[in-house]
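Worksheet: one structure, shown below.
None of the figures in this text is laboratory data; all of them are computed from the coordinates on show. Note that this is a predicted model, so its numbers are computed, not measured. In this analysis, Cβ positions are derived from the backbone assuming ideal geometry, glycine residues included, and neighbour counts consider all displayed protein chains.
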Amino acid sequence: MNVEQLFSQLWHDYTEITPQAEQIKQLFAATDGIVINDHVAFRTFADTPLQLDNLEPLLLTLGYERQDGYQFEAKKLRAYSFIHPDSNIPKIFCSELLTDQLSRKSQEIIARYTQQIKPQELDLSVFWSARHWDMPSWDDYQSLMMETEYGAWLLAIGIRVNHFTVSVNHLSSTDSLGEVLQRVKSANFNINSVGGEIKGSPESLLEQGSTMADRLALAFADGDVHEIPTCFYEFALRHEDIGNELYQGFVAANADKIFESTSAA
Ligand code: OOG
Ligand code: NI
């Protein structure tokens, strides 16, 4: 599978539970033609066969290079970003939940599910493999939600793309992230306003905004059906660094707030 086929598979998997992304993409395609993807993101559980260190080699095989590492102490996450030497290929942001830092109760809940992950030789299909464990009970989901929204999300959704990202730099109709977000709002989609709708500034070289995740009714293990957040769509505007190159990195302070796009509010 080449990188192009991978991203087409990922888009298919993502839009299946994130119909807003296809609608918003069409909105911009209508005025801008082609919509370029800046990056995608994945989430996983540390200390399992699906941990970040086991996913990384799959990306390296595709020619990606590890770009940087990030810590999110309050959220108990760590992450790596990956960049491809071919600048037309989207970047990848991959985080993992450091479960050993959670309360014993949360650790026990997560372990009951992650113990079901089979030891396996991973291939690229892991990136759209979703849950490797039974659907959680609503009780477990809610209990986890009180301590780690990321953990609850990951337990219900599993390993699959968490968001695609419109590259605002490549839009022909505007060079303003504020205008982009306004247009998305006018089409009746909710924007993540944690810390302000625009995360970052021209000075930090990366401005980002995102929708609030779509919501999908899912049947939990006890048979109850509940609507929960799935995935969201992001918009990124990159600025030139001192070498007059568009900054290609991520900004941890922005990311910390983008994570909140899957929270319920
Ligand atoms: C990833 C959040 C970070 C970015 O662009 O900084 C991110 C996530 O929600 O899993 O995507
Ligand atoms: Ni992102």
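Things to note:
- Take every pair of alpha-carbon atoms less than 8 Å apart whose residues are at least six positions apart; their mean separation over the length of the chain yields a relative contact order of 21 percent.
- Fraction of antiparallel bridges per DSSP, the chain only, in percent to nearest 5: 70
- A dipole drawn for the range 3-262 from +1 and -1 charges on Cβ atoms has a positive end, and of Phe189, Ala29, Ser103 the residue lying farthest that way is Ser103.
- Inter-probe distance in nm under a simple model that places probes 7 Å from Cα toward Cβ, at Ser143 and Arg215: 2.5
- Residue-averaged 222 nm ellipticity for the chain, from DSSP H runs of 4+ at -39500 (n - 2.57), nearest 500: -10000 deg cm²/dmol
- Lys, Arg +1 and Asp, Glu -1 on Cβ, resulting dipole of the range 95-220 about Cα centre, debye, nearest 20: 280
- Signed unit charges on C-beta, dipole axis of the chain, positive-most listed residue Trp153, Ala236, Leu62: Trp153
- Amide H contacts for Ser173 (H built 1.01 Å from N in the peptide plane; partners 5 or more residues away or on another chain; cut-off under 5 Å): none found.
- Gaussian network model of the chain, Cα within-10 Å springs - most flexible of Phe28, Phe250, Phe93: Phe28
- Computed from the C-beta positions of Glu16 and Leu62, the FRET efficiency with R₀ = 35 Å rounds to 0.95.
- 3J(HN,Hα) from dihedral phi, the range 151-160, Karplus parametrisation 6.51/-1.76/1.60, rounded to Hz, x for glycine, proline: x, 5, 4, 5, 5, 7, 9, x, 8, 6
- Rounded to the nearest 20, the Cβ-based charge dipole of the range 3-262 about its Cα centre (Lys and Arg +1, Asp and Glu -1) stands at 300 debye.
- Cross-link reach list, aspartates and glutamates versus Lys75, counting only Cα pairs under 17 Å and skipping chain neighbours closer than eight places: Asp47, Glu96, Asp100, Glu147, Glu149, Asp256, Glu260
- Net charge of neighbours whose Cβ lies under 12 Å from the Cβ of Ser204, counting Lys and Arg as +1 and Asp and Glu as -1: -1
- Extension gain (nm, one decimal) between Ser193 and Leu122, 0.36 nm per residue minus Cα-Cα: 21.9 nm
- Legend: calculated FRET efficiency, Asp224 to Met1, from the Cβ-Cβ distance at R0 = 35 Å, rounded to 0.05, equals 0.40.
- Extension gain from Ala253 to Gln23, taking 0.36 nm per residue of separation minus the Cα-Cα distance: 79.9 nm
- For the range 45-115 versus the range 163-229, the spacing of their alpha-carbon centroids is 22 Å.
- Sequence-distant residues sharing a close amide H with Thr44 (under 5 Å, placed H): Ser95, Glu96, Leu97
- Using the Karplus relation 6.51 cos²θ - 1.76 cosθ + 1.60 with θ = phi - 60°, the per-residue 3J(HN,Hα) values for the range 249-262 come to x, 10, 10, 4, 5, 5, 4, 3, 8, 4, 3, 6, 5, 9 Hz, with x marking Gly and Pro.
- Computed from the Kirkwood radius of its Cα pairs, the Stokes-Einstein diffusion coefficient for the range 3-262 at 4 °C and 1.567 mPa s stands at 69 µm²/s.
- Put a dot 7 Å past the Cα of Gln51, heading toward its Cβ, do the same for Gln101, and the two dots end up 1.5 nm apart.
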